[in-house]
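Before any comments, here is the structure.
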Amino acid sequence: MDTLVGVIGRAHGVHGEVAVELRTDEPDRRFAPGQILREEGGTRLFTVRSVRDHSGRLLVRFAELLDRTGAEAVRGTLLIAAVEPDERPAEPGTFYDRQLIGLRATTPNGAEVGSVRSVLHLPAQDVLEIETAAGPRLVPFVEALVPDVDLEAGRLTVVDVAGLLDDRDDADED
């Protein structure tokens, strides 16, 4: 399965090193020396030779980029990694977006709510977009609201908090 892991940015120096804007939570895994990445929609391959942090930016040297001119020519290239469909993130309790999209969402008592349509990566936290009968709902992907993810069963549990999955406001019922 193809997964977007980064975007090539500005050239750094004269020896073909480039800044990479990350699109992965696992840069150590995806940009390890020897990893081969592919250009999205193309056939060009990029072999990671070395990686280093420079003032909070990831600088990568690819074997195919020999000088600044070559590095500047590939600016904006989307980098794709081939990831096995059954591969899981190294950190326990974390998931790839592709594993979550399509899962059935149920309440703790088993009532079907809908299905996960997308995963949004916002500055504060990740958010699940769940398609419900009443329309799409945004659910913060935090353990307090999504206490259980069962990939094998194809479902996740969403706590039914007032206003989260529907438009009700329990305070109005008093």
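Nothing in this text is a laboratory measurement; each read-out follows from the coordinates by a stated rule. What you see is a predicted model, and the numbers here were worked out from it, not measured in a lab. For neighbour counting, all protein chains shown are included, and Cβ atoms are generated from backbone atoms with ideal geometry for every residue, glycine included.
Each other residue within a Cβ distance under 15 Å of Glu143 adds +1 if Lys or Arg and -1 if Asp or Glu, for a net charge of -4. The residues neighbouring Val20, those whose beta-carbon lies less than 12 Å from its own, together hold a net charge of +4 under the Lys/Arg +1, Asp/Glu -1 convention. Under a 5 Å amide H cut-off, with hydrogens placed 1.01 Å from N, Asp148 pairs with Thr157 among residues at least 5 apart or on other chains. Charging the Cβ of each Asp and Glu at -1 and of each Lys and Arg at +1, and nothing else, the dipole of the chain about its Cα centre rounds to 1420 debye.
With Cα extents along the principal axes in Å as the read-out, I listed [x] 53, 31, 29; [y] 57, 46, 34; [z] 69, 31, 27; which label goes with the value calculated from this structure? Label of the calculated value: [z].
Ala111 sits among other residues whose Cβ lies under 12 Å from its own Cβ, and their net charge, with Lys and Arg +1 and Asp and Glu -1, is -1. Working note: 222 nm ellipticity from helices only, DSSP H runs with n ≥ 4, each -39,500 (n - 2.57), summed and divided by the residues of the chain, gives -1500 deg cm²/dmol to the nearest 500. Take the Cβ atoms of Thr107 and Leu4, set R0 to 45 Å, and the FRET efficiency comes out at 0.85.
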